[in-house]
Amino acid sequence: MTFTFKRFLLTALGLAMTFGLFACAGDALESGVDPFAPMVFKEGSTAMPLNPPNKASTLPFYVSQHTIFKFAVDTDSILIGADGVTRYIVILTSPNGNDQIQYEGIRCDSFQWRLYGTFENGIWKENPLSSWRGIQSNVPNRYQAALAQGAFCNFSSQEKDIKAILNSLNPNGFTGQTKPTNSFGQIN
């Protein structure tokens, strides 16, 4: 082979590889996949709990100095969903001792909550009008915010480790908000 022919072959091979790479890359608008587009939330199916809250695994948690209610979560009911929703049973106790038991979910990415159903007269009743609502941080009964900020979420992402959630719910250290850290990021 002559030097000119080898040069021609190498140039042709280089151009073919370059065009091949461009063809593989594709255009996001043509393929319909935009890597920078926001992800669309798709909630997984949610089944109502089969049993009432387990008294042995019910753990009270702090919400606010301004509330007159008491709050507890059934730690056995906490489900960390692959869809980004943490589901749980919460017990709200009024000053006169009446309990309201609810099955709810929290989304950390959008800071929202949803009421799936309530436990009434010994059975779970699904909430047919359930929808996602924003979590309010500035109301006395801000228990969803306390759970999200204090245990279920790691800033705007879902906490995936059940042991970390249970450790965060420890009544001796639960603050109902993001725990203070020192400048090294270590929890005080």
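Couple of notes before you dig in:
- The modelled label-to-label distance for the pair Ser156/Glu120, using points 7 Å beyond Cα in the direction of Cβ, is 3.7 nm.
- Considering only alpha-carbon pairs that sit under 8 angstrom and 6 or more positions apart, the relative contact order computed for segment 55-168 is 21 percent.
- Gain on full stretching of the segment that runs from Arg7 to Asn170 - 0.36 nm per residue minus C-alpha separation: 51.5 nm
- Difference of contour (0.36 nm per residue) and Cα-Cα distance, Trp132 to Glu43: 31.0 nm
- Diffusion coefficient, µm² s⁻¹, Stokes-Einstein with Kirkwood Rh over alpha-carbon pairs of segment 55-168 at 20 °C and 1.002 mPa s: 149 µm²/s
- For segment 120-169, the alpha-carbon coordinates run over 33, 26, 20 Å along the three principal axes, in decreasing order.
- Cβ-Cβ FRET estimate between Asp76 and Phe36, R0 fixed at 41 Å, reported to 0.05: 0.50
- Exposure proxy order (Cβ contacts within 10 Å, fewest to most) of Ser57, Ser131: Ser131, Ser57
- Sequence-distant lysines (8 or more away, or on other chains) whose Cα lies within less than 30 Å of Lys55: Lys70, Lys125, Lys160, Lys163, Lys179
Only the coordinates and a few stated rules stand behind these numbers; no lab work does. Predicted model, so just to flag it, every value in this text is computed and none were measured. Every residue, glycine among them, receives a Cβ derived from its backbone with ideal geometry; neighbour counts consider all protein chains shown.
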